[in-house]
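Report on the structure given below.
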Amino acid sequence: MNTALDAGRRAEELAALAAGEVVDVLVIGGGVTGAGIALDAAARGLSVALLEAHDLAFGTSRWSSKLVHGGLRYLAKGDVALAHESAVERGILMTSTAPHLSRSLPQLIPLQSTVSRGGAAFIAAGLRAGDALRRAARTPSALLPPPRRVSAPEALALAPGLRSSDLRGGLLSFDGQLTDDARLVVALARTAAGLGAKILTRAPVTALTGTSAEVRDGSRLVEVRARTVVNATGVWAGKLVPSVRLRPSLGTHLVVSADAAGLGGTALTVPIPGSRSRFALLLPQADGLVYLGLTDEPFDGDIPDVPVAPPSDVDFLLEVASSVLARPLTAGDVLGSYAGLRPLLDAPGRSADLSRKHTVLTSAEGALTIVGGKLTTYRRMAEDAVDAAVAAGNLNAGPSRTRRLPLVGAAPRTVLSTIDAPERLKAKYGTEATQVAALDPTPLTPDLPITAGEVEWAVRKEGALDAEDVLHRRTRLGLVGANLEAARERVTELVANASESRSRTV
Ligand SMILES: Cc1cc2nc3c(=O)[nH]c(=O)nc-3n(C[C@H](O)[C@H](O)[C@H](O)COP(=O)(O)OP(=O)(O)OC[C@H]3O[C@@H](n4cnc5c(N)ncnc54)[C@H](O)[C@@H]3O)c2cc1C
């Protein structure tokens, strides 16, 4: 099982497709949805190719809050089926498919003067309902403990940056958090590749039908033929299949240091004034950073390759977060920002109310398109899309096998805890951490713990084709402008070395 993705494999596989090889399932788009579909189809024994315009996780999938969430929000809107689906998929990801890339995240809702006693009781009831979903999904309480009320001193011990003057306690609950959303996509793509899927990046599709796609490769156009085609291009889906009508919604996050926010490992969930069901999130990451999000605003106009956080979102998030902290956050604390577009299907109503359900559509020409959904439910989305492809193409395949298919690097938590490698590497590479640790351990700079070996691994195993892939998607150095500049030269040099020695060994 060869899970390694690199430039040589890409060139060989593209040549085979250009020479006329016909695959069962051709997937367009290398986000979490497309990579999930490639894996589901390959695991059923189907032949698969995936074409991604830029790089794995180039689109929305790298701009998420990185939560594997249990569907509480959908429950609040009365959508029990969607909430249950989310809780089930969270459990599968955290216990079976990707324990190495996920952890249990403690989340604290501080109870200060802005939250009335009635409001607190309402929120506590919601958290209990979320725990009922967890139980229904059979996710162990040892992994995601039930919610509980904590005293003011305990709340302060969990989040020392909270304003204490009017703190009467907090509500503590647990949800799933990914090490990194882009790494989940890479792990899915590599697992699919290990089962024979052709995963091609830098392969923009310019047109498609129900049985073919036209791909730009440098200055030439290549036709790739397939028995079925699945358009999984997220917020760009309407460009390839104009009958697909989306209503994108923009979500912004800011990046601040955990020290500035006064946080340790516990996230803060901050009620947005005037709403009982909307919250801002301060999400601590393993690298001493906190992501502060998130907004949900309608987005009109052309879809940019890389969306930008609007200044009004920055002000709003700083204000909401500061409303619970002892030391208000200011623009000077913002180390970086990012924004992503949710690929929501057009429907009447406010964009924040549009359903996060996924839908598989069939175009007049027979191409399938999958839109909506979320990172947490990628596996179920992929299962539904491949079921539709199998039916449409009359393909010979059994049911989905991905529920119990560990991604590359995955192992039960009990096994992961025995692996002899730094915790930082285990959270990124799982069982492969020992191999990465054996490579050059020199940090990129004295202040950035990412090692030269990690860059080499990205080029040799994870399909990184240039320094930008490493800076922005195999690592997340690009989220902080200062880190990006500090690391760029060294990463460029390391990528060139790794690419050169790879081509010498081929
Ligand atoms: C701000 C924000 C926060 C979120 N937070 C969470 C969260 O915490 N948890 C959660 O579960 N969900 C979350 N979501 C939802 C989740 O991120 C998305 O639903 C999911 O990432 C969409 O993945 P996708 O693969 O469908 O789209 P994308 O990731 O956008 O992938 C589409 C891919 O198609 C490629 N492409 C486009 N056109 C072409 C073409 N012509 N040829 C070839 N390739 C092409 C793009 O380059 C891109 O890589 C969040 C969304 C947003 C916006």
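The values are calculated or read from the model by the stated rules, or taken from the named source; none is laboratory data. Source: prediction; values computed, not measured. Neighbour counts run over all protein chains shown; Cβ positions are idealised from the backbone, glycine included.
Numerical summary
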quantity: Only listed residue being part of a strand (DSSP E or B), surrounded by fewer than 24 Cβ atoms within 10 Å (Cβ to Cβ), within 13 Å of the ligand (Cβ to nearest atom) and at pLDDT 95 or above, chosen from Leu50, Leu105; calculated: Leu105
quantity: Members of the stretch 279-305 found to be within 10 Å of the ligand (Cβ to nearest atom) and in a loop (DSSP other than H, G, I, E, B), listed by number; calculated: Leu294, Thr295, Asp296, Phe299, Ile303, Asp305
quantity: Considering residues of the stretch 262-278 that are among the small types (Gly, Ala, Ser) and surrounded by fewer than 21 Cβ atoms within 10 Å (Cβ to Cβ) only, the residue farthest from the ligand (Cβ to nearest atom); calculated: Gly262
quantity: Breaking point among (1) in contact (Cβ under 8 Å) with a residue 40 or more places away in the chain; (2) part of a loop (DSSP other than H, G, I, E, B), for Ala382; calculated: (2)
quantity: Single condition Thr376 does not satisfy, out of (1) more than 20 Å from the chain's Cα centre (by Cα); (2) under 30 Å from Tyr74 (Cα atoms); (3) part of a helix (DSSP H, G or I); (4) not charged (D, E, K, R); calculated: (1)
quantity: Candidate set from the stretch 193-235 (those that are under 30 Å from Ala339 (Cα atoms) and hydroxyl-bearing (Ser, Thr, Tyr)); member that is farthest from the ligand (Cβ to nearest atom); calculated: Thr201
quantity: Residue in the stretch 144-179 that is surrounded by the fewest Cβ atoms within 10 Å (Cβ to Cβ), counting only those that are in contact with a His (Cβ under 9 Å, 6 or more places away or on another chain) and more than 16 Å from Phe279 (Cβ to Cβ); calculated: Thr179
quantity: Residue match in the stretch 117-136 (condition: buried (at least 19 other Cβ atoms within 10 Å of the Cβ), outside any helix (DSSP H, G or I) and on the phi < 0 side of the Ramachandran plot); calculated: no
quantity: Filter pass, Leu82 being closer than 17 Å to Asp384 by Cβ and touching a helix residue (DSSP H, G or I) at 6+ places or on another chain (Cβ under 6 Å); calculated: yes
quantity: Per-region count, the stretch 306-332, residues in contact (Cβ under 8 Å) with a residue 40 or more places away in the chain, more than 19 Å from Gly238 (Cβ to Cβ), within 16 Å of the ligand (Cβ to nearest atom) and not in a helix (DSSP H, G or I); calculated: 2
quantity: Residue check for Thr33: of a type in the set (S, T, N, Q), closer than 19 Å to Thr252 by Cα, in contact with a Pro (Cβ under 9 Å, 6 or more places away or on another chain) and near the ligand (Cβ under 10 Å from one of its atoms); calculated: no
quantity: Residue that is in contact with a strand residue (DSSP E or B) (Cβ under 7 Å, 6 or more places away or on another chain), assigned to a helix (DSSP H, G or I), within 16 Å of the ligand (Cβ to nearest atom) and not β-branched (Val, Ile, Thr), where the choices are Leu188, Leu184; calculated: Leu184
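Conditions tested, residue by residue: (1) touching a helix residue (DSSP H, G or I) at 6+ places or on another chain (Cβ under 9 Å); (2) buried (at least 22 other Cβ atoms within 10 Å of the Cβ); (3) touching a residue at least 60 places away in the same chain (Cβ under 8 Å).
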residue	(1), (2), (3)
Ala397	yes, no, yes
Ser400	yes, no, yes
Gly409	yes, yes, yes
Gly430	yes, yes, yes
Gln435	yes, no, no
Thr451	yes, no, no
Ala458	yes, yes, no
His472	yes, no, yes
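Let's see how each residue does on (1) outside any strand (DSSP E or B); (2) within 24 Å of Val390 (Cβ to Cβ); (3) among the small types (Gly, Ala, Ser):
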{"residue": "Gly196", "(1), (2), (3)": "yes, yes, yes"}
{"residue": "Gly210", "(1), (2), (3)": "yes, yes, yes"}
{"residue": "Ala213", "(1), (2), (3)": "no, yes, yes"}
{"residue": "Val222", "(1), (2), (3)": "no, no, no"}
{"residue": "Ala226", "(1), (2), (3)": "no, yes, yes"}
{"residue": "Val230", "(1), (2), (3)": "no, yes, no"}
{"residue": "Gly238", "(1), (2), (3)": "yes, no, yes"}
{"residue": "Pro242", "(1), (2), (3)": "yes, no, no"}
{"residue": "Gly251", "(1), (2), (3)": "no, no, yes"}
